[in-house]
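Trainee: Let me begin by handing over the structure; questions about it come next.
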């Protein structure tokens with residue numbers, strides 16, 4: 001279940017990176033990413049978070065390495081990123097809020113990868 005959460009969230013992170021680059025490029029005069037792409041990114045991220053929450057109910061991981069709480073912290077960070085993503089949606093692509101959303105999600109993803117590798 002943990003590996004499924006990692007795969008789904010990897011897709012969400014990759015989509016988010018692509019959307020961020022597209023958004024940055026739009027500042028140079030090209031079209032912005034469609035709103036639907038951001039919504040799909042959020043749905044995938046939410047699905048990954050749901051799978052991660054189910055995986056957290058399984059056997060403990062990383063306790064011996066001192067990283068037993070990384071999964072829980074990752075889930076909290078992803079939930080925060082999801083909520084901030086909704087703020088991005090409400091504010092219509094506010095770049096500062098988008099950067100905060102991305103930073104929190106990247107930190108959560110790094111913790112998730114560390115935690116999942118300690119199987």
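Trainee: Quick one: in segment 33-46, which of the residues that are assigned to a helix (DSSP H, G or I) and farther than 14 Å from residue 81 by Cβ is modelled with the lowest pLDDT?
Mentor: 35
Trainee: Could I ask something else about it? Determine whether residue 114 is touching a helix residue (DSSP H, G or I) at 6+ places or on another chain (Cβ under 6 Å), surrounded by 14 or more Cβ atoms within 10 Å (Cβ to Cβ), modelled with pLDDT of 95 or more and part of a helix (DSSP H, G or I).
Mentor: Criteria not met by residue 114.
Trainee: Out of the residues in segment 36-55 that are in contact (Cβ under 8 Å) with a residue 12 or more places away in the chain and closer than 20 Å to residue 21 by Cα, state the one that is farthest from the chain's Cα centre (by Cα).
Mentor: 37
Trainee: Kindly indicate the residue of segment 22-32 that is free of Cβ contacts under 8 Å to residues at least 40 places away in the same chain and assigned to a helix (DSSP H, G or I) and also farthest from residue 61 (Cα to Cα) among those meeting that condition. Talk me through it step by step, then tell me what you get.
Mentor: Looking only at segment 22-32, we keep the residues that are free of Cβ contacts under 8 Å to residues at least 40 places away in the same chain, and these are 22, 24-31.
This time we only want the ones that are assigned to a helix (DSSP H, G or I), so: 22, 24-26.
Numbers: 22: 37, 24: 38, 25: 40, 26: 42 Å.
Once the filter is applied, the top-ranked residue is 26.
Trainee: Report, by residue number, each residue of segment 77-109 that is without any contact (Cβ under 8 Å) to a residue 24 or more places away in the chain and either exposed (fewer than 14 other Cβ atoms within 10 Å of the Cβ) or within 8 Å of the chain's Cα centre (by Cα) (or both).
Mentor: 83, 87, 90, 91, 92, 96, 99, 103
Trainee: Return the residue satisfying two criteria in turn: it lies in segment 1-32 and is modelled with pLDDT under 95 and crowded, with 19+ Cβ neighbours inside 10 Å, and of such residues it is farthest from residue 88 (Cα to Cα).
Mentor: If we take residues in segment 1-32 being modelled with pLDDT under 95 and crowded, with 19+ Cβ neighbours inside 10 Å, then 2 is farthest from residue 88 (Cα to Cα).
Trainee: Still on this structure: Please verify whether segment 56-68 includes one or more residues that are assigned to a helix (DSSP H, G or I) and within 18 Å of the chain's Cα centre (by Cα).
Mentor: No, that holds for no residue.
Trainee: Test each condition in (1) part of a helix (DSSP H, G or I); (2) within 18 Å of residue 86 (Cβ to Cβ) for residue 17 and report the one that comes out false.
Mentor: (2)
Trainee: Give me the pairs: first residue in segment 7-21 and on the phi < 0 side of the Ramachandran plot, second residue loosely packed, with under 15 Cβ neighbours inside 10 Å and in a helix (DSSP H, G or I), beta-carbon distance under 7 Å, and six or more apart or on different chains, which are they?
Mentor: 19/37
The values are calculated or read from the model by the stated rules, or taken from the named source; none is laboratory data. It should be emphasised that the depicted structure is a prediction, and the values quoted were computed from it without experimental measurement. With ideal geometry, Cβ positions are generated from the backbone for all residues, glycine too; neighbour counts draw on all protein chains shown.
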